[in-house]
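Inspection log for the structure reproduced underneath, given as structure tokens.
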Amino acid sequence: MIEKNGRPLVVEMIRTNVRDAARRDAKKGIRPRVYDPDGIPDLFIIHQASAWMEMERGHQTPHMLFGEFWLEGELCILFADTNMGKSLLAVQLGDSIARGEAITPFKMDAEPNPVLYIDFELSGKQFEQRYTDGGSTHTFHENFYRGEFNQMTGLPHDFKTFDEFITHGLSRAIKRTDARVLIIDNITCLRNGTERSSQALSLMKQLKLLKTRHGLSILVLAHTPKRNPALPITRNDLQGSKMLINFADSAFAMAESQTLPGYRYLKQVKQRSTAEMYGSHNVCLGKLERQNGFLKFVFSHTDNEVKHLRRYSQIERQRRAADVLALHKQGLSQRQIAGRLEMSLSAVNRVLGVAGG
């Protein structure tokens, strides 16, 4: 290799290219970037496991906001089918936490805290009508704030994505209200009505950052697709469940009792900081009541979930099997049939398997 000035020719070529690039950048007003490995913050905070134990021993155990369902400092998901009443429960929870008064029979040992409820579902007038009954109007606690999405706001040039704009708006609202609790109703309304799980996942990541930055407790409401009421509700019933559940600290679901008209039940589907109290063998049942203009859930007892699932008679099973076969002959896929008849994919597969055999 030919050398120049005591250096290999390839080194001289690299030096020349670097100088030429620097001159081009200088003409464009681009300042050179200096790489300083020691100036980059550590991505991971590392201590001995025993040191972690000692540091955390002095920290307070998270208080309960809604019994074992939702604890302080958690990003929690509440999901249910449409018209189940999850928005009513969320408002009831917000008012409860703002007052520091527990919803019977669930424990709440947290102090009263300002609550910010971001409502993507109702207009201001619809919200007012929901909590007015004749001459009775519910008076919310002064610590309870409601925010409504401004439909006339487009994406400002300062933000690359709508998620960034949403996060910025939430951060400003949290600072303005000094909220310690954030409730979002609901995550599937944030993209002009679309329910793509990838978009919801992006927002969940941003909420996780907001939770840490502001020391928040966050409850996010989400829809389930149409589900078979004969099956227990699980985390798989949440839209985009596997991704969203991974970002949540806890999650619980609401479903309709098929044997007690008017009753809903709550069921834990994920918990990290507490034991499972309200699993499939001990779901909590309640029904809606209006008290002094306030429409809320009154919880009465616990029961085994299987007692509140739909039971099909032999005649009903035969009718559903006939419906499956009819739709199959029309050319619908098994997934389309399951969605149309509100059946599980495996149940549709069984019917077609028997018919094919």
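The values are calculated or read from the model by the stated rules, or taken from the named source; none is laboratory data. For clarity, every value in this text was computed on a predicted model and none was experimentally measured. Glycine gets a Cβ as well: all are built from the backbone with ideal geometry, and neighbour counts include every protein chain shown. Surface areas here come from the heavy atoms of the whole protein model, side chains and all, with no ligands, DNA or RNA. Shrake-Rupley method; radii C 1.70, N 1.55, O 1.52, S 1.80 Å.
One table, with the values for the structure above:
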item: Candidate lysines - alpha carbon under 26 Å from residue 211, same-chain residues fewer than 8 apart omitted; result: 86, 107, 160, 175, 242, 267, 270
item: Fraction of antiparallel bridges per DSSP, the chain only, in percent to nearest 5; result: 50 percent
item: Kirkwood-type radius of the stretch 32-148, with distances r between different C-alpha atoms, in Å; result: 18.0 Å
item: Among beta bridges that DSSP assigns inside the stretch 57-167, antiparallel share in %, nearest 5; result: 40 percent
item: Whole-angstrom Cα spans of the stretch 305-348 along principal axes, big to small; result: 36, 20, 14
item: Of all accessible heavy-atom area on the stretch 221-264, the percent that carbon and sulfur account for (1.4 Å); result: 53 percent
item: Cα convex hull of the stretch 130-181 - mean projected area over all directions, nm²; result: 5.4 nm²
item: Sum of -39500 (n - 2.57) over DSSP H runs of 4+, divided by residues of the chain (222 nm, nearest 500); result: -11000 deg cm²/dmol
item: Distance between the stretch 48-100 and the stretch 238-314 - C-alpha centres, whole angstrom; result: 16 Å
item: Largest-first ellipsoid semi-axes for the stretch 270-337, taking √(5λ) over the Cα gyration tensor eigenvalues, angstrom; result: 37, 19, 15
item: Peptides ranked, highest mean first, by Cβ atoms within 10 Å: ranges 170-177, 79-86, 119-126, 345-352; result: 79-86, 345-352, 170-177, 119-126
item: Local net charge near residue 95, Cβ-Cβ under 10 Å (Lys/Arg +1, Asp/Glu -1); result: +1
item: Compactness of the stretch 229-357 - radius of gyration and Dmax, Cα, Å; result: 18.0, 60
item: Nearest-10 value in Å² for the accessible area of residue 272, using the 1.4 Å probe; result: 140 Å²
item: √(5λ) per eigenvalue of the Cα gyration tensor, the stretch 206-266, largest first, Å; result: 28, 14, 8
item: The stretch 46-172 - percent relative contact order, Cα under 8 Å, separation 6 or more; result: 20 percent
item: Additional length obtainable on full extension of the chain from residue 47 to residue 23, 0.36 nm per residue less Cα span; result: 4.1 nm
item: Size descriptor, Kirkwood hydrodynamic radius, that averages inverse alpha-carbon separations across the chain, Å; result: 24.3 Å
item: Largest to smallest accessible area among 270, 27, 296 [probe 1.4 Å]; result: 27, 296, 270
item: Under 10 Å, Cβ to Cβ, from residue 74 - net charge with Lys/Arg +1 and Asp/Glu -1; result: 0
item: Karplus-derived 3J(HN,Hα), 6.51/-1.76/1.60, for each residue of the stretch 156-170, Hz, glycine and proline x; result: x, 5, 6, 10, 7, 10, 5, 4, 4, 5, 4, 4, 4, x, 5
item: Accessible surface of the stretch 271-357 [probe 1.4 Å, protein heavy atoms]: carbon and sulfur percent; result: 49 percent
